[in-house]
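Inspection log for the structure reproduced underneath, given as structure tokens.
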Amino acid sequence: MKKLGGVILLASAVMSLSASAETNTSTSSAQSIASDILSKTTSTTVIILGGPSVDNPASLRAPDDSVMTLDTVLSAGYKITPEITAGVFGEVVLQPFLQRDYTFSDPAVKLSHSKLISSGTFNLATDLRVYPGLLGSTRNKDQYFAWRTTQNMNYEIPGTRLTVGSVSYIRQYVMGPQGAAVGSSGKPSTDFLGYWGPNVNYQLTPKVALTALYELYPVHKLGGGFGLASISQGYPMDFEPGVSIDVTDTFNVSPFLNIYPTDAKLANTTVNVTVVAKLF
């Protein structure tokens, strides 16, 4: 009996050790999976402060007398490959001063490629976004959904500190039968919104660069036909000189001026700041 008891105890100990090993292996495997997921997960916050005019920096209002805003974009994604990321993002425009209000924009899903074309110091990144039209303000416009494609091109000029680039997108709003004329004005809705931002950067130091951006916003109205004659400017063209400062590898602050070339005066020139934080 003693011998049998010893065998039983030994078998029990072996089983206990095996169960413990399986538990430890299972825990280790779960931790490895979680670590792998986190290593492929990204999250970024972009905040743009639309500030006051240069000639009245203490004001809490923009030159057109509107309240200053904080345009906040929150995004999260998962890297399918090192270059391809699938994710979601949302945008809210805050008015923290005076009126203390906020406005949500439609959230979107996004599929991006960070190196669609990459050769030497040239790189073209792109993304495709779909806005499902979940907000009541969107549905009130009889808008089903919207989609957008974005192109971000950069070329570092060899032997210099200069980088030239171009950011562009086109966004289509897919409307229902009532979408062509909504609201009291009865004016047709925008069905295509474009953007083109040629830019140039000069790298002063590894973490500080001088920047210059010119922005154009072509717009097409629903039912307006096609061709250059049917395209108008959605917003005034503007020129944005600034400074980009990498405070850390994951935190950037970029103050800049917003100048309207067609009405370039201090009263219309605003002081703005963009903050980019990569959370993980």
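Convert each backbone phi in segment 118-129 into a coupling constant with the Karplus relation 6.51 cos²θ - 1.76 cosθ + 1.60 (shift: θ = phi - 60°), then list the ³J(HN,Hα) values in order as whole Hz, x for Gly and Pro.
Values, residue by residue: 9, 8, x, 9, 9, 8, 10, 9, 8, 8, 10, 10 Hz.
Going down the list 79/110; 207/265; 207/278, which pairs span over 20 Å between their C-alpha atoms? Don't skip to the answer; put the middle values down first.
Values: 79/110 12 Å; 207/265 31 Å; 207/278 16 Å.
Table pairs above 20 Å Cα-Cα are 207/265.
Tell me, what ³J(HN,Hα) does each residue in segment 78-85 have, in order and in whole Hz, if you take phi through Karplus 6.51 cos²θ - 1.76 cosθ + 1.60 with θ = phi - 60° and put x for Gly and Pro?
Using θ = phi - 60°, the values come out as 10, 7, 5, 9, x, 9, 9, 10 Hz.
Could you pull out every one of the aspartates and glutamates with an alpha carbon less than 13 Å from that of residue 40, ignoring same-chain neighbours closer than 8 positions?
Within the straight-line cut-off, residue 40 pairs with 83.
Could you give the nm distance between label points at residue 271 and residue 39, where each point is 7 Å from its Cα heading toward the beta carbon?
The modelled label-to-label distance comes out at 4.5 nm.
Determine the gain in length on full extension of the stretch residue 29-residue 64; use 0.36 nm per residue of separation and subtract their C-alpha separation, reporting nm with one decimal.
Values: separation 35, 0.36 × 35 = 12.60 nm, distance 5.84 nm.
Between residue 29 and residue 64, full extension yields an extra 6.8 nm.
In segment 32-161, if the dipole is taken from +1 on Lys/Arg beta carbons and -1 on Asp/Glu beta carbons about the Cα centre, which of 53, 119, 134 is farthest to the positive end?
119
Check which residues have an amide H placed less than 5 Å from residue 279's amide H, if you skip close sequence neighbours.
Correct list: 43, 44, 45.
Tell me, in nm to one decimal, what length is gained between residue 56 and residue 207 on full extension, where the rule is 0.36 nm per residue of separation less the Cα-Cα distance?
Numbers: separation 151, 0.36 × 151 = 54.36 nm, distance 3.02 nm.
Length gained, residue 56 through residue 207: 51.3 nm.
Return the long-range amide H neighbours of residue 161 (sequence gap of 5 or more, or a different chain), with a cut-off of under 5 Å between placed amide H atoms.
For residue 161, whose amide H was placed from the backbone, there are no distant partners under 5 Å.
Using mean Cβ contacts within 10 Å as the protection proxy, how do 190-202, 81-93 order, highest first? Walk me through the numbers before you get to the answer.
On the way: 190-202: 17.1, 81-93: 14.8.
Highest to lowest by the protection proxy: 190-202, 81-93.
FYI, it's all coordinate maths here, none of it is from the lab. For clarity, every value in this text was computed on a predicted model and none was experimentally measured. Because the Cβ atoms are built from the backbone with ideal geometry, glycine has one as well, and the counts that use them run over all protein chains shown.
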